[in-house]
Amino acid sequence: MAYHPFLSHRAPDFAMSAMLGHQHSFFPALALPPNGAAALSLPGALGKPIMDQLVGVAETGLHFSSLGHQAAAAHLRPLKTLEPEEEVEDDPKVHLESKELWEQFHKRGTEMVITKSGRRMFPPFKVRCTGLDKKAKYILLMDIVAADDCRYKFHNSRWMVAGKADPEMPKRMYIHPDSPATGEQWMSKVVNFHKLKLTNNISDKHGFTILNSMHKYQPRFHVVRANDILKLPYSTFRTYVFPETDFIAVTAYQNDKITQLKIDHNPFAKGFRDTGNGRREKRTL
């Protein structure tokens, strides 16, 4: 299990209920800022630097904007119905699956292709959780944030800084489609985020994660103890980061060694496999 160097073992509590004097028909969007600290904002005059959009991938996760009518109804409910669950003693631990494979990619400089229509990650982000309370319910999420403020280029067979980073689009959070589920259910299986998609389409309407090409990113995994998606703004996020999963977003692979690793390990990398006449078809993976 790995943590971001400057993250504490447990994220600090941040309850919005104490700050809802200025309410809105929708919950403020929720995300952790790139430095891993909890942040809070409300619409209008109370808005400050900020929680980004809380959305999921439309195909498999939960797209938060689709909850508009539910959130509006929740706004009319007594506040106590949305308060966090009673305190539960747990101590979540998170193990990265396929760690050795991730390390092989990391050693060579992992690249992930981004496309307008959205592309899945390889290696896929998969984890195994332990230390959850068996009966309590949890929501598991993932987001991908900028690893630094640099733009990169691949030159002389290596990655190097090419300048200052381009502005980032607001980062979205992907809610695992099985959320919420009991700790027992989560601990009984590998938690797989293989359907999360990456895109460079800044006008994306599908809930995909929008990234800039030739920039470095860090996936983050979040555990939230809550039995309702609408409780996320009231809940404590525990964040886990595995440095070996960072990657540079590209529109076409730059490093032949990364291409070869994808061919060797990704069963869907047919476009790069040798054809019958000995040529490689240069198609995106």
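In table form, for the structure just shown:
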{"read-out": "Phi-based couplings in Hz for region 113-118 (Karplus 6.51, -1.76, 1.60; Gly and Pro marked x)", "value": "6, 10, 9, 5, 7, x"}
{"read-out": "J(HN,Hα) series, region 178-187, from Karplus relation 6.51 cos²θ - 1.76 cosθ + 1.60, nearest Hz, glycine and proline x", "value": "7, 6, x, 9, 6, x, 4, 5, 4, 6"}
{"read-out": "Total formal charge among the other residues, if their Cβ is under 12 angstrom from that of V161, Lys/Arg +1 and Asp/Glu -1", "value": "+3"}
{"read-out": "Net charge of neighbours whose Cβ lies under 12 Å from the Cβ of H215, counting Lys and Arg as +1 and Asp and Glu as -1", "value": "-2"}
{"read-out": "Most to least packed among 155-162, 93-100 [average Cβ atoms within 10 Å]", "value": "93-100, 155-162"}
{"read-out": "Local electrostatic count at V145 - Lys and Arg +1, Asp and Glu -1, tallied over other residues with Cβ under 9 Å", "value": "0"}
{"read-out": "Accessible-area composition of region 93-267, carbon plus sulfur, in percent [1.4 Å probe]", "value": "47"}
{"read-out": "Amide H within-cut-off set for E111, under 5 Å, with H built and near neighbours excluded", "value": "I248"}
{"read-out": "Accessible area (Å², 1.4 Å probe, nearest 10) - R225", "value": "40"}
{"read-out": "Calculated from backbone phi, Karplus (6.51, -1.76, 1.60) coupling profile of region 88-93 in Hz, x at Gly/Pro", "value": "10, 7, 8, 8, x, 10"}
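The values are calculated or read from the model by the stated rules, or taken from the named source; none is laboratory data. Just so it is clear, the model here is predicted, and its values are computed rather than measured. For neighbour counting, all protein chains shown are included, and Cβ atoms are generated from backbone atoms with ideal geometry for every residue, glycine included. In case anyone asks, the SASA skips ligands and DNA or RNA and just uses the protein heavy atoms, side chains included. Shrake-Rupley method; radii C 1.70, N 1.55, O 1.52, S 1.80 Å.
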